[in-house]
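> Before anything else, here's the structure in question.
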Amino acid sequence: TDFLIVAWYVPCLASLETLQELCRKENLRCKSLGITNRSLKSYEVEYLCDYKVEEGTEYYLVKWKGWPESSNTWEPQKNLKCPLLIQNFLSDKDEYLSRVRDGKALKVRNHVKALKPAVADYIVRKAKQRIALRRWKEELNRKKNHKAMILVENTVDLEGPPLDFYYINEYKPAPGINVINGITTGCECTDCPAEKCCPKEAGFVLAYNKRKKLKIQPGLPIYECNSFCRCGPDCPNRIVQKGTPYSLCIFRTNNGRGWGVKTLQKIKTNSFVMEYVGEVITSEEAEKRGQLYDNQGNTYLFDLDYDSDEFTVDAARYGNVSHFVNHSCDPNLQVFNVFIDNLDLRLPRIALFSTRTIKAGEELTFDYQMKGSIDLTSDSADGLSPSKKRIRTVCKCGAVCCRGYLN
């Protein structure tokens, strides 16, 4: 009798360190885990946990990479070849002491100068946070689909990566929602823009000038060339679809606004910066989620009301770097509606462009109320506006023209 064997593959929930530890215990080699004949019994410092001075010799308590904390050992400083980790340890110690009234780090007990438990605890938590943020940064850069880098920085508190956030590069439609309407034609231009290029076919002007900078007013849509157009990837009418061109840093703000985003490069006026993506849900579902978000003070819901109000983008759990961009009543980014491979007016893509020159290191912000659009008809067409709130959220943007609330 023949038997059909079905193999099931499921994601491994064990951490890398746990798997490495198991390999060492069972004397197994695994190239994928970095456990080879040479490294099977090797030791690498992951971080330093504690410090003491005993009989004139300085010791550090070492957490070994790939080994459980129960395997931590005290090692004399002269045996350690990890100057960066020692520097991190000392800077974390000084940072903690600068925040407390008692500036003494060591206490003497049984002729041993030992680090105070509160100081050691902070240093360990900071080391674990540093590792978690580094891994998160690596994960973000693996998942992104653009060339520019994403950095992560927290010099403010012990907050680590968000636990319930998943990075995506494009809209994630809810069941029953189709964000691709099956476009099958494109422009015949060999040198865009031409007489019959995509924007003119839609009844609008080309959005970009020869320097690939935005030249239209807020409220007007952007029609870019699509996958069926004859023009190549260097076409001047392909900007948003290429993704974020600037290296950005997700950083922890020091004034209670949580995470924020700053640019690591100078951004010129009217330049494309990033796209706002998330789950595409119905407006009815947005109302249900909005009640929960209101109580939490979150503002991740955006109505796609360029042509109607059927759909909303929810970036609370699924999104890209724009998930972390804060509100400002005096923003340096402006929202525009973009159509590329989907010409459904109910489902525009959301693009953020610079309203002025933005210096390297400056925080990126946009107005959650999206002021500054123009009238396309006798009715006001804001292009994009956040989902209406029932509970007002206090604004902390600090702008001179601050309205006091996000909504």
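> With a 1.4 Å probe and all protein chains kept in place, how do 230, 134 rank by accessible area, largest first? Mind showing how you got there, number by number?
Details: 230 150, 134 105 Å².
Solvent-accessible surface, decreasing: 230, 134.
> Ranked from the most accessible area to the least, with a 1.4 Å probe and all protein chains present, what is the order of 274, 149?
Details: 274 0, 149 90 Å².
Largest accessible area first, the list is 149, 274.
> From the protein chains alone at 1.4 Å, what is the descending order of accessible area for 204, 251, 302, largest first? Could the numbers behind the result be given before it?
Numbers: 204 60, 251 30, 302 5 Å².
Highest to lowest solvent-accessible surface, that is 204, 251, 302.
> Can you pull a Stokes-Einstein diffusion coefficient for segment 118-268 at 37 °C (0.692 mPa s), Rh from Kirkwood over Cα pairs, as a whole number of µm²/s? Can you show the working numbers first?
Numbers: Rh = 19.0 Å.
The diffusion coefficient I find is 173 µm²/s.
> Highest first, please rank the peptides 324-332, 77-85 by the mean number of other Cβ atoms sitting within 10 Å of their residues.
Values: 324-332: 21.6, 77-85: 11.7.
Going by the mean number of other Cβ atoms within 10 Å, highest first, we get 324-332, 77-85.
> Hey, another quick one. For the chain, what does -39500 (n - 2.57) per DSSP helix run (n ≥ 4), summed and divided by total residues, give at 222 nm, in deg cm²/dmol to the nearest 500? Spell out each step's value before the answer.
Numbers: 5 runs with 72 residues, N = 407.
That calculation yields -5500 deg cm²/dmol at 222 nm.
> Using alpha-carbon pairs under 8 Å, 6+ residues apart, how would you state the relative contact order of the chain in percent? Write out the running numbers ahead of the final one.
Numbers: 767 pairs, mean separation 52.5, N = 407.
Across the chain, relative contact order equals 13 percent.
> What percentage of the solvent-accessible surface of the chain, computed with a 1.4 Å probe over protein heavy atoms, is contributed by carbon and sulfur atoms? Mind showing how you got there, number by number?
Values: 11560 of 22820 Å².
Percent of accessible area from carbon and sulfur atoms in the chain: 51.
> Still on this model: To one decimal place, what Kirkwood hydrodynamic radius in Å is obtained for segment 46-136 from all pairs of distinct Cα atoms? Don't skip to the end; give the middle numbers.
Working: mean 1/r = 0.0729 Å⁻¹.
For segment 46-136, inverting the mean 1/r across all distinct Cα pairs yields 13.7 Å.
> For residue 284, what accessible area in Å² do you get when you roll a 1.4 Å probe over the heavy atoms of the protein chains, rounding to the nearest 10?
120 Å²
> In a Debye calculation with equal point scatterers on the alpha-carbon sites of the chain and no solvent, what is log10 I(q)/I(0) at q = 0.10, 0.13 Å⁻¹?
With no solvent term, the Cα-only Debye profile gives -0.83, -1.13.
> Net charge near residue 281: determine it from the other residues with C-beta under 12 Å of the C-beta of residue 281, scoring Lys and Arg +1 and Asp and Glu -1.
Numbers: positive: 172, 288, 289, 317; negative: 279, 284, 285, 287, 303, 310, 314.
Net charge in that neighbourhood comes out at -3.
> Which value, in Å², gives the accessible area per residue of the chain when a 1.4 Å probe is used on the protein heavy atoms? Can you show the working numbers first?
On the way: 22820 Å² over 407 residues.
Value returned for the chain: 56 Å² of accessible area per residue.
> Then there's this: Rounded to a whole number, what is D in µm²/s for segment 238-286 from Stokes-Einstein with the Kirkwood radius over alpha-carbon pairs (25 °C, 0.890 mPa s)?
On the way: Rh = 13.6 Å.
D, rounded to a whole number, is 181 µm²/s.
> A follow-up question, please. Got a sec? Charge dipole of segment 105-167, +1 on Cβ for Lys and Arg, -1 for Asp and Glu; which of 151, 119, 141 is way out at the positive end?
Final value for the positive-end residue is 119.
The values are calculated or read from the model by the stated rules, or taken from the named source; none is laboratory data. It should be emphasised that the depicted structure is a prediction, and the values quoted were computed from it without experimental measurement. For neighbour counting, all protein chains shown are included, and Cβ atoms are generated from backbone atoms with ideal geometry for every residue, glycine included. Remember, those area values only see protein heavy atoms, side chains included, never the ligands or the DNA or RNA. Shrake-Rupley method; radii C 1.70, N 1.55, O 1.52, S 1.80 Å.
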